[in-house]
Amino acid sequence: MSLSTEAVLALAPDDASAKAAKGLLAPAKWPTLAFSDTAVWGECQGSGSKPYQTQVDLTGPVFRCSCPSRKFPCKHGLALMLLRAQNEAGFTQGDPPPWVAEWLASRREKAEKKEARAAEPPAAADPAAAARRDAQRWKRIEAGAQELALWLDDQTQRGLASLGSEQQQAWSAMAARMVDAQAPGLGQRITQAAELIGVGEGWPARLLDRLGRLQLIVDAVPRRESLSPATLADLRTALGWPQDREALLAEGERVSDHWLVLGQCIDERDTKLVERHVWLQGRASRRRALLLDYAHGGRGFETGWVSGSERAAVLCFYPGHASQRALVAELPSDAPATAVPAVPAVPADGAPDEWQRMAQQIAANPWQPLLPMVWADAVPSRDGDRWWLRLGGAPQALPMQVAAQEAWQLLAHSGGAPLRVFGEWDGEQFAPLTAWPMGAVAGSAPVWTLTGVRT
């Protein structure tokens, strides 16, 4: 697999890493540059006496480097792939040296053990013990939901317009109370709602919408035994009830397809935790999927995804109505991401069909925090200090949630002409992740992708 310069830079954890990688492109800094069918490796001379050993497993791509950086991929890994993209003839083909071969072997061994564990019959479950644990958790959640119902009533009785920064501490305390009640999803929603207080024009209406969705969850908890299995699964997800990975892989709905990587982003949750969203769309199934991963302490993610590329995989979807979140159940090692990017398939009508898709998703599950959307004939624009995405042929204009630098770059690629833009809609703002030129055909690379870590 060979990646374009743009695709490699899209893997950078932040702008600083991309810039630093560009400063390492002098061939003199790399006494060794080589490749095989499955890997690329090189030695980069740093400030020490021994060069850094950098290697990339192309089935991911997955990076490894002997440097002390906690970023993933580091500047050396990015530089190695940039050199590969810009000057493939400068690499020598051959067998991997021991330090590369051992790493590749360990990765294969790990994958084989994972497959062996998946093939083993599951350990005998204890239904009675599981039922007792569930009952205890539901008891705590129900008590927390009753407390939250009274608290929500107090907020509306007081009047949302009277809220101010002095209420932030009380709202944080209620969010912590929900975590104690084993409903961390409710705590997260309270925290997100509190962030709206006093922010922007019409914030009481936006806050009321958030509180209304909280009330829906509170009302559903005591009625859980009358809910359908899919609705109960959506409720458990909204409450923050963890999903057993092994059970999901054993029982979840599986979809095999060639998946287009519509876009991705990395959010910084705190100084040591980052969250990655990778959005896919099946070429045959047309189904959209969210791969949600976490990395601690700068360790990076096991599998790399390139926005605009296509990859064969089997996904296992979480239970629920209109479920989007999925796990990778099978990722054939002999079917890496294609080097040729692909344009996401969008309806010819564009905006009307996307609005219909959105309405169906919300009707199926009103608690979904994010909706993936592809807008054809979309033009980025700036009005005062706000950025908008104007949809051609429709009266709507979506407020965009995007850093100024990224917004200016997106506008520059547009030049006032429409683009095909993919991103996330949270009910209030649209966060663009990828853009293609209008009229692009399969094989056209995105002209713009979001880079860096969102904070």
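Can we say A220 is assigned to a helix (DSSP H, G or I) and in contact with a Phe, Trp or Tyr (Cβ under 7 Å, 6 or more places away or on another chain)?
Taking the combined requirement at face value, the residue does not satisfy it.
Which of the residues belonging to segment 96-124 are modelled with pLDDT of 90 or more and either in a loop (DSSP other than H, G, I, E, B) or outside the structural domain of R64 (by TED's automatic domain parsing) (or both)?
The answer is P96, P97.
Conditions tested, residue by residue: (1) surrounded by 15 or more Cβ atoms within 10 Å (Cβ to Cβ); (2) touching a His at 6+ places or on another chain (Cβ under 8 Å).
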site	(1), (2)
A10	yes, no
S17	yes, no
A34	yes, no
S49	no, no
Q53	yes, no
T59	yes, no
C67	yes, yes
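Is there any pair linking a residue in segment 97-110 that is without any contact (Cβ under 8 Å) to a residue 60 or more places away in the chain to one that is charged (D, E, K, R), with Cβ under 9 Å and at least six apart or on different chains, and which?
A101/D95; W103/D57; W103/R64; R107/D57
Going through segment 224-257 one residue at a time, which ones are in contact with a Lys or Arg (Cβ under 7 Å, 6 or more places away or on another chain) and either surrounded by fewer than 17 Cβ atoms within 10 Å (Cβ to Cβ) or not assigned by TED's automatic domain parsing to the domain that holds T303 (or both)?
L232, L235
Failed condition for V199, given (1) β-branched (V, I, T); (2) modelled with pLDDT under 95; (3) in a helix (DSSP H, G or I), with all others met?
(3)
For Q215, indicate whether it is of a type in the set (S, T, N, Q) and surrounded by fewer than 18 Cβ atoms within 10 Å (Cβ to Cβ).
Yes.
Kindly indicate whether any position in segment 126-137 is farther than 30 Å from V314 by Cα, modelled with pLDDT of 90 or more and surrounded by 15 or more Cβ atoms within 10 Å (Cβ to Cβ).
There is at least one residue in segment 126-137 that is farther than 30 Å from V314 by Cα, modelled with pLDDT of 90 or more and surrounded by 15 or more Cβ atoms within 10 Å (Cβ to Cβ).
For L82, all conditions in the list (1) in contact with a strand residue (DSSP E or B) (Cβ under 9 Å, 6 or more places away or on another chain); (2) surrounded by 15 or more Cβ atoms within 10 Å (Cβ to Cβ) hold save one; what is the number of the exception?
(1)
In segment 178-211, what residues are under 24 Å from R137 (Cα atoms) and small (G, A, S)?
Within segment 178-211, A181, A183, G185, G187 qualify.
The values are calculated or read from the model by the stated rules, or taken from the named source; none is laboratory data. From a predicted model like this one, the values you see are computed outputs, not experimental measurements. No Cβ is skipped: glycine too gets one built from the backbone with ideal geometry, and neighbour counts run over all protein chains shown.
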